[in-house]
Amino acid sequence: MTATNPADISLLIPTLNEGTNIVRLLDSADSLRLGQVVVCDGGSTDDTVPAARSMGATVVISTVGRGIQLRNGIDQATGSILWIAHADTILPDDPFPTMGRVIADGNAGAFPLAVDHHWARFRVVEFGAALRNAVTGSPYGDQALYLTRHLYDKCGGFPAWPL
């Protein structure tokens, strides 16, 4: 297997007042023609939820806390591959070959951190994340993580913790 079928992917996005970021990310996800996009909202008071719904995303409302939100969103996910990205993440243009190779080996993966913001400090954070990942093999949660639902279930899923 060298590439993943986009229709097999559920993209999960934990949100809390991400109205300024969610439209750009959903546009990007739409261009990838993913099987499903699930916005796991923690009670936003801005336009995050209406914007996500208007763009065709499945919206799951939850108590606040990324772990809790993602667990609730994954309960509604239909894809055999779970892809988790924050609302300010820049998705890769063609993630499917990389995902396919990693998943075919039975592993989970993460893309390099790419934050959609012009501030230089985010480039420093991206560099630090790349260095940490290279040295320890442990990516940050912000790095557009992906894994099969089977592996997620085998690991016991996300604990119902706030973080």
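The values are calculated or read from the model by the stated rules, or taken from the named source; none is laboratory data. This structure is a prediction, so every number in the text was calculated from the model and none was measured. We place every Cβ from the backbone using ideal geometry, glycine too, and count neighbours over all the protein chains shown. The area values use the complete protein model at the heavy-atom level, side chains included, leaving out ligands, DNA and RNA. Shrake-Rupley method; radii C 1.70, N 1.55, O 1.52, S 1.80 Å.
Right, Gly156: open to solvent by less than 40 Å² (accessible area, probe 1.4 Å) and farther than 16 Å from Ser28 by Cβ or not? When the stated conditions are applied, Gly156 does not pass them.
For every residue, the table says whether it meets (1) open to solvent by less than 10 Å² (accessible area, probe 1.4 Å); (2) assigned to a loop (DSSP other than H, G, I, E, B).
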{"position": "Val60", "(1), (2)": "no, no"}
{"position": "Ile68", "(1), (2)": "no, no"}
{"position": "Leu82", "(1), (2)": "yes, no"}
{"position": "His86", "(1), (2)": "no, yes"}
{"position": "Ile103", "(1), (2)": "no, no"}
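Answer with yes or no whether Ala129 is crowded, with 17+ Cβ neighbours inside 10 Å, modelled with pLDDT under 75 and part of a helix (DSSP H, G or I). Taking the combined requirement at face value, the residue satisfies it.
Is it the case, given these coordinates, that Pro97 is in a helix (DSSP H, G or I) and either at positive phi or in contact (Cβ under 8 Å) with a residue 40 or more places away in the chain (or both)? Considered against the rule, which asks whether it is in a helix (DSSP H, G or I) and either at positive phi or in contact (Cβ under 8 Å) with a residue 40 or more places away in the chain (or both), Pro97 comes out as yes. Tell me, which residue of the stretch 18-33 that is in contact with a helix residue (DSSP H, G or I) (Cβ under 6 Å, 6 or more places away or on another chain) and within 23 Å of Ile68 (Cβ to Cβ) is surrounded by the fewest Cβ atoms within 10 Å (Cβ to Cβ)? Ranking the qualifying residues of the stretch 18-33, first place goes to Gly19. Scanning the stretch 34-52 for residues that are of a type in the set (S, T, N, Q) and crowded, with 24+ Cβ neighbours inside 10 Å yields one hit, Thr48. Filter the stretch 89-119 for residues that are in contact with an Asp or Glu (Cβ under 7 Å, 6 or more places away or on another chain) and among the acidic types (Asp, Glu) and give the result. Of everything in the stretch 89-119, just one residue is in contact with an Asp or Glu (Cβ under 7 Å, 6 or more places away or on another chain) and among the acidic types (Asp, Glu), namely Asp116. Within the set Leu91, Leu147, the sole residue that is within 22 Å of Glu18 (Cβ to Cβ) and either open to solvent by less than 20 Å² (accessible area, probe 1.4 Å) or not in a helix (DSSP H, G or I) (or both) turns out to be Leu91.
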